[in-house]
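Worksheet for the structure shown next.
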Amino acid sequence: QVQLVESGGGLVQAGDSLRLSCAASGSIFRITTMGWYRQAPGKQRELVARISSGGGTNYADSVKGRFTISRDNAKNTVYLQMNSLKPEDTAVYYCNVAPSINAYWGQGTQVTVSS
């Protein structure tokens with residue numbers, strides 16, 4: 001069984017940085033593409049970044065150049081470094097495999113960016 005626990009969110013000002021962490025249980029982590037997703041109020045959940053088991057990365061256009069996804073397979077953890085945050089980055093951030101699996105959604109971590 002896979003459990004994903006997100007942490008690191010908070011309330012920041014525009015231009016600030018945050019680093020999110022996602023701790024994963026289960027043996028599949030090291031062979032699985034992982035993703036960070038977000039859901040803003042009134043909007044659908046979207047994939048913002050993903051990283052393959054080999055370290056290849058992809059980003060949504062809206063975060064390209066500002067966000068960096070990374071992983072530490074020894075710690076079963078995936079990270080999202082978010083720089084130059086904007087108010088439109090405000091959302092609940094989740095990690096999951098990519099493509100996502102419904103049973104793996106956790107509670108997420110709230111990121112709020114004030115202008």
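Determine which member of the set Gly54, Gly15, Gly35 is in a loop (DSSP other than H, G, I, E, B) and open to solvent by less than 60 Å² (accessible area, probe 1.4 Å).
Gly15
Can you tell me which residue in region 92-115 is most open to solvent (accessible area, probe 1.4 Å), limited to those that are in a loop (DSSP other than H, G, I, E, B) and of a type outside the set (A, V, I, L, M)?
Within region 92-115, the match that is most open to solvent (accessible area, probe 1.4 Å) is Gln107.
Quick one: is Tyr59 of a type in the set (Phe, Trp, Tyr), in contact with a strand residue (DSSP E or B) (Cβ under 8 Å, 6 or more places away or on another chain) and open to solvent by 20 Å² or more (accessible area, probe 1.4 Å)?
yes
Please verify whether Pro87 is more than 22 Å from Ala23 (Cβ to Cβ) and open to solvent by 30 Å² or more (accessible area, probe 1.4 Å), treating the condition exactly as stated.
yes
Between a residue in region 19-31 that is part of a loop (DSSP other than H, G, I, E, B) and any residue that is surrounded by fewer than 13 Cβ atoms within 10 Å (Cβ to Cβ), which pairs come within a Cβ distance under 8 Å, given they are 6 or more apart or on different chains?
Once the first residue is part of a loop (DSSP other than H, G, I, E, B) and sits in region 19-31, its partners that are surrounded by fewer than 13 Cβ atoms within 10 Å (Cβ to Cβ) give Gly26/Gln1; Gly26/Gln3.
What residue, of Tyr104, Tyr94, is out of contact with any Lys or Arg (no Cβ under 8 Å at 6 or more places or on another chain), aromatic (Phe, Trp, Tyr) and touching a residue at least 60 places away in the same chain (Cβ under 8 Å)?
Answer to the selection: Tyr104.
What tally of residues in region 67-82 results from selecting those that are out of contact with any strand residue (DSSP E or B) (no Cβ under 7 Å at 6 or more places or on another chain) and not in a helix (DSSP H, G or I)?
Counting residues in region 67-82 that are out of contact with any strand residue (DSSP E or B) (no Cβ under 7 Å at 6 or more places or on another chain) and not in a helix (DSSP H, G or I) gives 1.
The values are calculated or read from the model by the stated rules, or taken from the named source; none is laboratory data. From a predicted model like this one, the values you see are computed outputs, not experimental measurements. Every residue, glycine among them, receives a Cβ derived from its backbone with ideal geometry; neighbour counts consider all protein chains shown. Protein only, heavy atoms only, side chains kept; ligands, DNA and RNA dropped before computing areas. Shrake-Rupley method; radii C 1.70, N 1.55, O 1.52, S 1.80 Å.
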